[in-house]
Amino acid sequence: MPTLLSELQAGCLYLKLNRPERANAFNLKMIDELRAALTNAEKDPQVRCVVITGMGRIFSAGQDITEMKHGDKISYREHLNNTYNPLILQIRDMGKPVVAAVNGPCAGAALGVSLACDLRLAHRRAYFVVGFSGIALAPDSGVSLLLPVYIGPGRAQEYYYSNKRIPARQAFCWGMVNHVGGFSYEKLVKRVAVALAEGPTDAFALGKKAFNQAMLPNLEQALANEGILQEEAGRSLEHKEGVAAFLEKRRPKFK
Ligand code: T3D
């Protein structure tokens, strides 16, 4: 089964994360497929806008925790440097608008992916959750920089520590989400995507560079720092307990 479904319509490439049985959590295959699809979309003149969304009721739960090898066996820094970090940079460097159609819950690395997109369109049942602290990790996938950029450092830190949900409406009020939709959510996504596809793509590419330089001059550095910190967090007993608790469907007992 492909972990990513794609469809080109009216200049818009719709990419659907397709692991609904695992909350569309990212594994290596899905990250590879998403990166390859973005590389092709960048080159394809027929694609003038990209929409990333999730199959089923969830946008994505971030990294697949069932495939996480505890930090003794794998370097999280290396993993991030080979997967999420280039993915986040690829979305920001892409010379075409990328929209996150957040159709449902969005957590962890998926929060980073959605924040790297140019716009976020949320279904009213969607919510964002930082996720990392639930399994005793530091923020990664750009969340340490991108979340405070959109909701401010105070809220970003509170939501990291508390791991509470940010409902779509709240995210909209804070400026993190551009539009919230209900019954007509799919129409909303198409309307916004087609309008972007009909826009001046070359100027948009320059505009995106300008926003990157003004808003996120330290993105690469932040991703590299996150990798160093995650390496340490990934080797901790707290993380081991966090992952065990998730897999055993119980609350973690951090000491
Ligand atoms: O180097 C590195 O790899 C480090 C990188 C880390 C990046 C990260 O993303 S770390 C953060 C990982 N993500 C999380 O901690 C989020 C965990 N999931 C959740 O908080 C919730 O599942 C959601 C908020 C996303 C959705 O909640 P809800 O109540 O709508 O659904 P659910 O019942 O919790 O989940 C549905 C199923 O998906 C369930 O499986 P089951 O019981 O039906 O067999 C659940 O176990 C599974 N699932 C949810 N999240 C993940 C997952 N399976 C694997 N990995 C997940 N992340």
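The values are calculated or read from the model by the stated rules, or taken from the named source; none is laboratory data. It should be emphasised that the depicted structure is a prediction, and the values quoted were computed from it without experimental measurement. Cβ: placed from backbone, ideal geometry, glycine included. Neighbour counts: every protein chain shown. Quick note on the areas: whole protein, heavy atoms, side chains included, nothing else; ligands and nucleic acids left out. Shrake-Rupley method; radii C 1.70, N 1.55, O 1.52, S 1.80 Å.
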Per the 1.4 Å probe, what fraction of the accessible area of the chain, in percent, lies on carbon and sulfur atoms? 55
Which links in 43/190; 96/164; 187/208; 164/240; 29/255 stretch past 31 Å when you go from one Cα to the other? 96/164; 29/255
Do me a favour and compute the ellipsoid semi-axes for the range 8-78 from its Cα gyration tensor, root of five times each eigenvalue, largest one first, whole Å. 27, 16, 7
Would you grab the residues whose amide H sits under 5 Å from the one on residue 51? Only those 5+ places off in sequence or on another chain, please, with H modelled 1.01 Å from N. 13, 14, 15, 99
Can you give me the accessible area per residue for the range 25-101, using a 1.4 Å probe, in Å²? 41
The range 169-196 residues near the modelled residue 211 label - backbone nitrogen below 18 Å, point 7 Å along Cα→Cβ: 171-180, 189-196
Can you give me the Cα centroid spacing of the range 147-175 and the range 1-49 in angstrom? 27
Per 10 Å bin, what is the whole-percent P(r) computed from every C-alpha pair distance within the range 121-255? 11, 29, 33, 20, 6, 0
Could you tell me the convex hull volume per residue, in Å³, taken over the Cα atoms of the chain? 117
Phi-based couplings in Hz for the range 192-198 (Karplus 6.51, -1.76, 1.60; Gly and Pro marked x): 5, 5, 5, 4, 5, 5, 8
Nearest 5 is fine: what % of DSSP beta bridges in the chain come out antiparallel, could you say? 30
Between the DSSP loop rule and a limit of at most 14 other Cβ atoms within 10 Å, which trypsin sites (Lys or Arg not before Pro) in the range 1-87 are left? 57, 69, 73
PRE zone check, label point 7 Å out along Cα-to-Cβ of residue 238, amide N under 12 Å, scope the range 152-176, hits 161-162
Might you tell me the accessible area per residue for the range 126-180, computed with a 1.4 Å probe and given in Å²? 42
